[in-house]
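> Before we start, here is the structure in question, set down as structure tokens.
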Amino acid sequence: MVPVLMYHEVSGRRPSSGFSRFSITPDRLEEHLTALVGAGFHLRSISDLSATDNEPQVAVTFDDAYASFCDSALPILNRFKARSTLYVPTAYVGMRASWLRGAESCLPIVSWQTLRDLAGQMVEVGSHGHHHDALDSLPRAVVKENLHRSRCLLEDSLGTQIRSLAYPFGYNDRNVRRTAEEIGFATAVQVGYRLHRLGSDPFAIRRLLVAPGMSGKDLLARIASDRSTPAEILRRSGREPWRYSRKLLARRRHG
Ligand SMILES: [Zn+2]
């Protein structure tokens, strides 16, 4: 079993209350990495995870590609010689996070030039879809177009193969997973609240959302127990009814 950590924004700013669980401070990230390295974990990107490696490994992933990643997360990752994966919603590159609500909709997203610079470092760039849409609510042809466009834009701009996808909001179903495979991705990550079993479906890689209130010690304990916290259980149980109502609304919209 391998922990795959999911971070979003790393920044010293104060987030809105609705976004607070998606934003951690640079100090907190440093505390997490210090604890992981101290416990013997190798810090990897998704594509570096190895099923044959006996060393403890952890994948470090960042969703949404906020511009603050470069100033707030990258120097820390580099200090630890950590590999990581940054998932980019391609329609928003060089723009703002306008799929979000409130103050966070103004957060800048990295530029294409920055992505080219990052891809030359220890950061794997992955796709987070094109429009940051909930893919399981869209007709299959639209999902295909969305993922194909995102992957092609990244590959053409960075000149490198894009191997991994993060489903926007984590939402996926059988059709979305098979489409991701058809498009040519090798892996896709979701939200799982559990550790990932290497060798299981590479298009349903489970990730742990690392809460900002979690200390380095808490994170190690969470990994060691691989048991969902009460807050995670609550969130997971709310996802299914929400998923059905979203899909119903989308079906009406798309006919
Ligand atoms: Zn996202």
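> Relative contact order (percent) for the chain, with alpha-carbon contacts under 8 angstrom and 6 or more residues of separation?
Once divided by the residue count of the chain, the mean separation gives 20 percent.
> Right, another one. When the Kirkwood radius is taken over all Cα pairs of the chain, what Stokes-Einstein diffusion coefficient follows at 10 °C and 1.306 mPa s, in µm²/s? Working shown, then result.
Numbers: Rh = 18.4 Å.
After rounding, the answer is 86 µm²/s.
> Give the Debye-formula value of log10 I(q)/I(0) at each listed q (0.18 Å⁻¹), with one equal scatterer per alpha carbon of segment 20-159, two decimals each.
Debye intensities relative to I(0), on a log10 scale: -1.10.
> Order these by the 10 Å Cβ neighbour count, fewest first: Asp156, Asp136, Asp117. Can you show the working numbers first?
Values: Asp156 8, Asp136 21, Asp117 14.
Fewest-to-most ranking of Asp156, Asp136, Asp117: Asp156, Asp117, Asp136.
> For segment 116-199, count all C-alpha to C-alpha pairs, find those more than 15 Å apart, and express that count as a whole percent of the total.
Pairs farther apart than 15 Å: 56 percent.
> Once Lys and Arg get +1 and Asp and Glu get -1 on their Cβ, which of Ser20, Gly38, Val10 lies farthest toward the positive end of the dipole of segment 1-51?
My answer, from the dipole projection, is Ser20.
> So, with +1 on the Cβ of K and R and -1 on the Cβ of D and E, and no other charges, what is the size of the charge dipole of segment 45-90 about its Cα centre, to the nearest 20 debye?
Dipole size: approximately 160 debye.
> Let me ask something additional. Looking at segment 1-77, which trypsin sites (Lys or Arg not before Pro) are DSSP coil and have at most 13 other C-beta atoms within 10 Å of their C-beta? All intermediate terms of the calculation are to be shown ahead of the outcome.
Details: sites: Arg13, Arg21, Arg28, Arg44; in loops: Arg13.
Of the trypsin sites (Lys or Arg not before Pro), the ones in loops of segment 1-77 whose Cβ has at most 13 other Cβ atoms within 10 Å are Arg13.
> Continuing with the same structure: Under a point-charge model restricted to the Cβ atoms of Lys and Arg (+1) and Asp and Glu (-1), what is the dipole moment magnitude of the chain relative to its Cα centre, in debye to the nearest 20?
Taking the Cα centre of the chain as origin, the dipole is about 960 debye.
Every number in this text was worked out from the coordinates using simple rules, so none of it is lab data. On a predicted model such as this, the values are computed, not experimentally measured, just so you know. A quick note on method: Cβ atoms are made from the backbone with ideal geometry, for glycine too, and the neighbour counts reach across all protein chains shown.
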